[in-house]
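Structure first, commentary second.
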Amino acid sequence: MRLRLRSILVGVAATLLLFGLADLVARLIGPTSAPLLVLGQAIIPLTPTSVIKPVIALFGANDKIVLVATVALGALILGALIGWLGGTRPRVALAAFIVAGLVPAGAVLTRTGSTLIDVVPTLVGLAAGVVVLWVGLRWAAQATAAQAQASTTAARTPLLTRDSPADRAQRAGSRRRFLALTGIAAAVGAVGVATGQSIVALTREAAASAANLVLPRAARTAGPIPAGASLDVEGIRPFVTAQKDFYRIDTVLAPPTIDPQDWSLTIRGMVDQEVTITMDELLALPLQEQHTTLTCVSNPVGGDLVGNATWLGYPVRELLRRAGPSPDADMVLSHSHDGFTASTPLEAMLDDRDALLAVGMNGEPLTPVHGFPARLVVAGLYGFVSATKWVTELEVTRFDEKEAYWTQRGWDAKAPILVASRIDVPRPLAKLPAGTITVGGSAWAQTRGIDRVEVRLDNGDWTEAELGAEATVDTWRQWRAEFDDVRTGLHSVTVRAVDKDGTVQTAERREAIPNSATGHHRIQFTVE
Ligand SMILES: Nc1nc2c(c(=O)[nH]1)N[C@H]1C(S)=C(S)[C@@H](COP(=O)(O)O)O[C@H]1N2
Ligand SMILES: [Mo]
């Protein structure tokens, strides 16, 4: 093995050890001190829109795994480069490793709410990494030198073997101890990353604190969901989305752990008086239930970033009234525990759509990933401008004064949900028996309601689909259609919806930024 290759191995092993050991130590101190997690989290707000956009479109809710894997890969590559450098300049490599290791340490320390002890896992990992790098680079040089000496000796005196068994043993020994060092360091690192599982641990921790909240009954229940809202189509997405199946989009690797007893919401800014409400106070208010479909602006045409639930909460309007918003204000900038913000038109929080400060979802407390202990739900607006999870503050302000998280990154400041529809069955590229083909899916135009859904086979005429009963104008509607005697071969089916304002879903293909993707969902299938 060449020196460069050995040095690269040392660099990679030292890096793996840094993160893995730190992850293990973080289990004792608290998962938010794990450098891999903190580094991943710190990078999210810095990631350019041009990178986020395709990642969300491609990976959806798996974007977090992709992010952490990318950070880990980046760190390993940097470790490899440092090792490579160490082949000739070990001191420089060591300095570079320490400087690079101080980046996660700094990220841990500058995290809001972190204390000095949180940096311990990173420093332990860094110290172990430094030792492995330093010793490993020396041993790599010795193993290589011994090898080189052996081959030059052999080359100079091809006939006479001056290579004694003692020399050979020493060479093998220096190679062996080098391999043992890098192997053990890499193994400890890999095991640490695998068993530390800081993200999983953090999510579990948050779930445990959420399990204790008992919700009161609704003072005003939502009307029952009509039986006809669910159509009998095999494979269609259920009308109510279970919390565990509900899409998740946010900018945190793991949800914050919030004790409901410590939570409060403050309304401030352009108001007559600041108002703060605690969880006990909120739960003592007459809560109401509401069926509302939530939609993400990043949902690609035909995508899954949409879900429907029955929410339990208190109308934000009533809380805003207590504070008395200024007549000059036109926006509510909601802030979350983790620093995310959303800009919602003040009007949408005051009108009769009953924007909710929600604590429950489908009869249970919110799960941590969906905003425990409280979030906003505002019908008719994409989640990024309305549905703040872990909400802690409503700042009454103006659109010409403040910008929300995603608006600063190129998305619109106001984003009403566009009329949209999706085909659930048949699945793309399904193979179907000849005869009658059943097509089904859902369509939504929150606050206006769906007027009709139209489908067409191949390039045929648009025909009207059968609609499921409407629960409210704020929920999606299922639809189904049948095509008889479809001949064998490849076909396509296309869907479009029309809302009750008469707006026809546009066929124009547009990307998600700044205000959601558009275009008709079209799938292909084969009749055999
Ligand atoms: N605190 C916080 N709230 C947030 C977000 C976020 O990143 N952080 N994302 C928003 C976006 S973009 C959407 S689409 C919805 C998604 O809510 P869900 O994850 O419960 O489906 O939450 C919104 N609320
Ligand atoms: Mo979103």
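Some points to look at:
- Filter pass, L76 being open to solvent by less than 20 Å² (accessible area, probe 1.4 Å), assigned to a helix (DSSP H, G or I), among the aliphatic types (A, V, I, L, M) and modelled with pLDDT of 80 or more: no
- Per this entry, D304 is counted among residues that are at pLDDT below 95, surrounded by fewer than 21 Cβ atoms within 10 Å (Cβ to Cβ) and in contact with a Gly (Cβ under 7 Å, 6 or more places away or on another chain).
- The residues of region 216-234 that are open to solvent by less than 40 Å² (accessible area, probe 1.4 Å) and either under 24 Å from K389 (Cβ atoms) or among the aromatic types (F, W, Y) (or both), listed by number, are A218, A222.
- Scanning region 200-209 for any residue that is of a type outside the set (K, R), assigned to a loop (DSSP other than H, G, I, E, B) and open to solvent by 50 Å² or more (accessible area, probe 1.4 Å) turns up nothing.
- Within region 140-158, the residues that satisfy the criterion of being surrounded by fewer than 21 Cβ atoms within 10 Å (Cβ to Cβ) and either modelled with pLDDT of 85 or more or under 16 Å from A100 (Cβ atoms) (or both) are A141, Q142, A145.
- Total residues in region 442-469 satisfying the condition of being of a type in the set (D, E, K, R), closer than 15 Å to Q524 by Cβ and part of a loop (DSSP other than H, G, I, E, B): the figure is 1.
- Screening T397 against (1) within 16 Å of ligand 2 (Cβ to nearest atom); (2) in contact with a strand residue (DSSP E or B) (Cβ under 9 Å, 6 or more places away or on another chain); (3) closer than 30 Å to S326 by Cα leaves a single unmet condition, (1).
- Taking (1) open to solvent by 40 Å² or more (accessible area, probe 1.4 Å); (2) in contact (Cβ under 8 Å) with a residue 24 or more places away in the chain in turn, I258 satisfies each apart from (1).
- Residues of region 232-265 that turn out to be of a type in the set (A, V, I, L, M, F, W, C), away from ligand 2 (no atom under 16 Å from the Cβ), part of a loop (DSSP other than H, G, I, E, B) and modelled with pLDDT of 95 or more, as a count: 6
- Restricting region 387-406 to residues that are within 11 Å of ligand 1 (Cβ to nearest atom) and in a strand (DSSP E or B), the residue that is least open to solvent (accessible area, probe 1.4 Å) is V391.
- So R409, is it among the basic types (K, R) and either more than 15 Å from ligand 2 (Cβ to nearest atom) or crowded, with 22+ Cβ neighbours inside 10 Å (or both): no
- Any hit, region 455-463, residues being closer than 20 Å to V504 by Cα, of a type in the set (D, E, K, R) and open to solvent by less than 50 Å² (accessible area, probe 1.4 Å): yes
- Close pairs (6 angstrom Cβ cut-off, 6 or more residues apart or separate chains): assigned to a strand (DSSP E or B) in region 427-441, of a type in the set (S, T, N, Q) anywhere: K431/T526
- Identity of the residue in region 413-447, closer than 30 Å to V378 by Cα and open to solvent by 50 Å² or more (accessible area, probe 1.4 Å), that ends up farthest from the chain's Cα centre (by Cα): T447
- Per this entry, A348 is not counted among residues that are touching a Phe, Trp or Tyr at 6+ places or on another chain (Cβ under 7 Å), open to solvent by less than 30 Å² (accessible area, probe 1.4 Å) and not aromatic (F, W, Y).
- Filter result (aliphatic (A, V, I, L, M) and open to solvent by 10 Å² or more (accessible area, probe 1.4 Å)) within region 351-386: V369, L381
Listed here are the residues, each with its yes/no results for (1) at pLDDT 95 or above; (2) open to solvent by less than 10 Å² (accessible area, probe 1.4 Å); (3) farther than 26 Å from T112 by Cβ; (4) within 16 Å of ligand 2 (Cβ to nearest atom).
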| site | (1), (2), (3), (4) |
| --- | --- |
| I267 | yes, yes, no, no |
| Q290 | yes, no, yes, no |
| N308 | yes, yes, yes, yes |
| V316 | yes, yes, no, no |
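- Hits in region 440-469 - residues which are touching a strand residue (DSSP E or B) at 6+ places or on another chain (Cβ under 7 Å) and acidic (D, E): D451, E454, D458, E464, E466
- For R409, the conditions (1) within 13 Å of ligand 1 (Cβ to nearest atom); (2) over 30 Å from D280 (Cβ atoms); (3) more than 19 Å from the chain's Cα centre (by Cα) all hold with the exception of (3).
The values are calculated or read from the model by the stated rules, or taken from the named source; none is laboratory data. Everything numeric here is computed off the predicted structure, so don't read it as measured data. So basically every Cβ, Gly included, is an ideal-geometry build from the backbone, and we count neighbours across all protein chains shown. What goes into the accessible areas is simple: the full protein's heavy atoms, side chains included, and nothing from ligands, DNA or RNA. Shrake-Rupley method; radii C 1.70, N 1.55, O 1.52, S 1.80 Å.
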